[in-house]
Ligand SMILES: Cc1ncc(C[n+]2csc(CCOP(=O)(O)OP(=O)(O)O)c2C)c(N)n1
Ligand code: SF4
Ligand code: SF4
Ligand code: SF4
Ligand SMILES: [Mg+2]
């Protein structure tokens with residue numbers, strides 16, 4: 001694994017002057033992923049969302065490489081087209097340089113509206129990397145719920161009200177769905193462990209064929225936590241097993257990190273304003289339900305990864 | 001060298017695509033376009049083209065992938081019909097605004113609902129304001145010829161816009177027709193190599209495309225698209241002349257048939273123009289001064305050419321194979337009427353909506369239109385602007 | 001790196017892009033031909049708190065560089081060099097992740113007041 005001293009020498013592909021909010025997780029995630037491409041030629045594709053609208057406000061682009069955005073629900077299809085062009089032109093000798101292709105989409109652009117386009121791109125086997133920057137809601141349009149929003153979260157379309165305590169449904173397990181496409185590489189990672197992000201991004205760039213990475217990418221505005229605490233908060237997402245780090249390579253599931261002890265989900269929920277209402281009397285059942293979901297998913301994951309399905313000691 | 005062959009419209013278009021040999025094709029099947037995709041797939045499978053064929057999961061993705069490919073520097077195509085074009089709608093605007101010269105046949109079919117697989121032009125008319133150049137084809141020969149010219153029009157540096165080549169579902173797409181195809185080498189030389197000025201795969205000059213415009217720039221970028229559309233008119237005529245030199249067939253913005261001394265004219269797109277021409281020939285035998293104007297180009301709208309062709313007639317009937325539900329008739333009616341208004345010649349312009357969902361346009365229908373026009377000329381009055389042809393009232 | 005117009009297709013000369021330009025002068029399709037030119041757009045004035053580096057404490061681990069969302073920590077030869085105050089938005093993440101507390105956050109207002117005061121002293 002390269003050291004930060006070495007990695008800091010790689011040319012920056014996502015430079016300052018973009019208009020993401022101060023402390024936005026997307027800036028961190030994108031920088032980490034592109035850094036792992038090292039000195040390769042990269043074409044970046046991007047779905048509509050906070051990242052895109054904040055990074056390409058004409059006449060300024062934060063992308064220090066070729067970049068294309070076309071719409072919200074089609075980053076998968078658009079980058080497939082770029083990759084197909086590369087294959088064709090290369091085969092015909094019309095270009096000589098090598099390229100890597102990566103598309104970024106938010107959870108809305110990936111779990112929901114862009115799901116079909118992504119599924120198609122993965123199934124067709126393009127040599128591309130798709131990175132979902134999961135901040136668990138449609139942030140760009142003002143924090144509406146998505147299928148990645150956790151149960152109980154207060155969003156503008158699942159507001160915590162007098163009778164309904166936030167979002168009613170559990171999250172879609174997108175990483176598992178992508179793994180079910182039998183692509184060479186699917187992984188879930190978290191910025192709290194930069195080595196893990198780096199290794200997975202590098203692997204994704206290196207494998208022949210489609211790769212998918214799901215990154216938990218907090219939005220201080222939508223999650224309402226203390227902005228500087230981002231890394232600590234993501235660490236809690238991992239320690240509570242809310243966001244396990246794992247990878248599926250050629251069909252083989254592997255857990256990358258196992259918390260030593262049982263950390264209750266409250267530790268992840270409590271610092272965030274979007275879950276504040278859950279700590280009011282009468283909403284205990286929601287926290288219980290979230291915990292149940294986390295525990296069940298964890299056990300299922302352990303089983304898939306060939307580990308003994310047991311919860312960490314309390 | 002020219003070859004006479006008996007093939008269908010779909011086969012002719014697939015043949016043109018093969019000869020153009022695009023770098024990337026991304027398409028999804030839909031009746032009546034399906035054969036184009038199937039035939040082209042076999043060219044790919046048999047190594048007859050260099051194309052990467054992207055078997056997308058929808059038409060929205062077809063246009064998206066074509067956009068990605070074209071932006072990357074490839075000559076890219078897609079093909080569709082009806083619901084497929086409707087699903088692509090969002091991306092047609094974006095292909096145009098990104099100024100990508102994507103060529104795509106549209107095999108015209110009615111839009112749902114009710115679901116119907118037969119010909120009308122409601123699909124094409126849905127994207128008439130999307131910033132895409134629209135060529136229309138009377139028959140398989142024209143569809144073939146338009147495909148080849150479309151590449152040159154789209155890629156012209158003054159244009160750089162998507163071009164759709166429309167031809168009638170089943171009537172043209174599935175009917176066997178005798179046409180002349182060019183040999184591969186002639187087509188190859190005519191279309192040349194695509195040389196984009198900027199493209200994503202230019203390692204030395206990275207480019208950022210599809211950026212976010214605020215109110216301070218968006219309007220100007222839209223104006224640029226209009227300028228490209230305007231420039232396209234001249235380019236279409238120039239390319240038409242060059243094409244005539246290799247094919248012997250003439251192509252301009254409009255096809256004016258027996259209009260020189262005409263008093264009455266019908267304006268109609270695609271295959272129905274063939275029927276109208278037949279009726280005109282018959283009526284001419286009887287001494288009636290009638291003619292047909294077939295716009296080959298609908299977008300950009302050939303305003304001046306339409307004025308020029310119709311300035312001396314007394315009454316015009318615009319035949320629209322699509323509704324607008326504006327209660328003011330079909331889409332072409334509004335444009336033709338607007339073009340003629342400024343001539344101040346008191347030309348009477350009326351509208352007939354015909355052939356929706358594949359209903360035949362019978363020769364008697366066209367004769368009735370000319371009858372109506374004759375009455376208008378005689379009385380000097382046109383009372384009913386919007387009419388339906390072949391509809392059970 | 002002022003954004004300029006390479007003017008493909010639609011006339012004009014190479015010129016810095018500004019909202020005063022007419023449609024002929026702007027880049028085709030809103031394409032941007034200088035990668036990373038947002039570097040010339042300053043976001044430093046968004047900042048209400050400012051990270052300040054404590055040279056003596058710094059162990060040059062570059063964790064701060066890794067976690068800055070705005071690429072505003074400049075490193076040279078694999079070492080912490082300086083903050084890019086033109087772009088730093090003052091999110092405070094670097095100060096939080098620094099393992100040895102070599103970054104402190106100060107209120108910009110406070111810094112302004114102190115600077116004003118020291119100017120007056122002179
Ligand atoms: C077809 C379409 N529908 C809706 C929108 C509006 N829209 C733009 S971004 C967005 C939400 C983006 O959410 P996500 O993908 O999670 O990205 P984030 O902004 O949270 O990073 C929505 C709903 C759109 N641009 N296009
Ligand atoms: S709203 Fe959230 S996701 Fe969007 S830029 Fe701000 S912090 Fe980032
Ligand atoms: S994180 Fe702290 S110690 Fe490490 S380089 Fe930055 S300032 Fe220095
Ligand atoms: S305060 Fe935030 S933006 Fe500024 S250097 Fe630190 S991490 Fe980067
Ligand atoms: Mg989101």
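The values are calculated or read from the model by the stated rules, or taken from the named source; none is laboratory data. Please read all numbers here as calculations on a predicted model, not as lab measurements. When we count neighbours, we look across all protein chains shown, and the Cβ atoms used for this are built from the backbone with ideal geometry, even at glycine.
Out of B:278, B:240, B:291, B:252, one residue alone is in contact (Cβ under 8 Å) with a residue 12 or more places away in the chain, touching a helix residue (DSSP H, G or I) at 6+ places or on another chain (Cβ under 8 Å) and part of a loop (DSSP other than H, G, I, E, B). It is B:252.
Return the residues of the range C:86-122 that are touching a strand residue (DSSP E or B) at 6+ places or on another chain (Cβ under 8 Å) and farther than 17 Å from residue C:62 by Cα; say none if nothing qualifies.
C:90, C:105, C:106, C:107, C:108, C:111
Apart from one condition, residue A:241 fits all of (1) over 24 Å from residue A:164 (Cβ atoms); (2) in contact with a helix residue (DSSP H, G or I) (Cβ under 9 Å, 6 or more places away or on another chain); (3) outside any loop (DSSP other than H, G, I, E, B); the exception is (3).
The set of residues in the range B:160-191 being touching a helix residue (DSSP H, G or I) at 6+ places or on another chain (Cβ under 8 Å), surrounded by fewer than 20 Cβ atoms within 10 Å (Cβ to Cβ) and in a loop (DSSP other than H, G, I, E, B) consists of B:174, B:175.
When we screen C:24, C:57 for residues that are more than 7 Å from every other protein chain (Cβ to nearest Cβ), part of a loop (DSSP other than H, G, I, E, B) and under 27 Å from residue A:69 (Cβ atoms), the only hit is C:24. Scanning the range B:226-240 for residues that are crowded, with 20+ Cβ neighbours inside 10 Å and under 24 Å from residue C:20 (Cβ atoms) returns a single hit, B:228.
The residues of the range A:139-172 that are touching a residue at least 60 places away in the same chain (Cβ under 8 Å) and within 9 Å of ligand 1 (Cβ to nearest atom), listed by number, are A:139, A:140, A:143. Cβ-Cβ distances below 7 Å connect the following pairs, each with a first residue in the range A:291-302 that is touching a residue at least 60 places away in the same chain (Cβ under 8 Å), a second residue that is surrounded by 17 or more Cβ atoms within 10 Å (Cβ to Cβ), and a separation of six or more residues or different chains: A:293/A:151; A:293/A:170.
Among the residues of this structure, residue B:127 does not count as one that is in contact (Cβ under 8 Å) with a residue 40 or more places away in the chain and in contact with a strand residue (DSSP E or B) (Cβ under 6 Å, 6 or more places away or on another chain). Within the range A:124-142, if we keep just the residues that are in a loop (DSSP other than H, G, I, E, B) and surrounded by 24 or more Cβ atoms within 10 Å (Cβ to Cβ), the residue that is farthest from ligand 5 (Cβ to nearest atom) turns out to be A:126. If you go through the range B:65-92 and keep only what is in a helix (DSSP H, G or I) and either more than 7 Å from chain A (Cβ to nearest Cβ) or within 23 Å of residue B:112 (Cα to Cα) (or both), you end up with B:70, B:82, B:83, B:84, B:85, B:86, B:87, B:88, B:89, B:90, B:91, B:92. The condition of being in a helix (DSSP H, G or I), at pLDDT 95 or above, away from ligand 1 (no atom under 11 Å from the Cβ) and buried (at least 24 other Cβ atoms within 10 Å of the Cβ) holds for only one of A:45, A:81, that being A:81.
Conditions (1) without any contact (Cβ under 8 Å) to a residue 40 or more places away in the chain; (2) over 13 Å from residue A:129 (Cβ atoms); (3) more than 22 Å from the chain's Cα centre (by Cα), marked per residue:
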position: A:3; (1), (2), (3): yes, yes, yes
position: A:31; (1), (2), (3): yes, yes, no
position: A:37; (1), (2), (3): no, no, no
position: A:68; (1), (2), (3): yes, yes, no
position: A:76; (1), (2), (3): no, no, no
position: A:80; (1), (2), (3): no, no, no
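Screening residue A:206 on (1) touching a residue at least 24 places away in the same chain (Cβ under 8 Å); (2) away from ligand 5 (no atom under 16 Å from the Cβ); (3) away from every other protein chain (no Cβ under 11 Å) shows it passes everything except condition (1).
For the range A:24-42, the set of residues classified as crowded, with 20+ Cβ neighbours inside 10 Å and away from ligand 1 (no atom under 14 Å from the Cβ) consists of A:31, A:32, A:33, A:34, A:35, A:36, A:37, A:42, listed by residue number.
Without any contact (Cβ under 8 Å) to a residue 24 or more places away in the chain and away from ligand 4 (no atom under 16 Å from the Cβ): does that describe residue A:45?
Details: without any contact (Cβ under 8 Å) to a residue 24 or more places away in the chain: no; away from ligand 4 (no atom under 16 Å from the Cβ): yes.
When the stated conditions are applied, residue A:45 does not pass them.
A single entry from A:68, A:57 fulfils the requirement of being touching a strand residue (DSSP E or B) at 6+ places or on another chain (Cβ under 7 Å), crowded, with 24+ Cβ neighbours inside 10 Å and within 12 Å of chain B (Cβ to nearest Cβ): A:68. The listed residues are B:329, B:355, and the only one of them that is in contact (Cβ under 8 Å) with a residue 24 or more places away in the chain, in contact with a helix residue (DSSP H, G or I) (Cβ under 8 Å, 6 or more places away or on another chain), on the phi > 0 side of the Ramachandran plot and surrounded by 13 or more Cβ atoms within 10 Å (Cβ to Cβ) turns out to be B:355.
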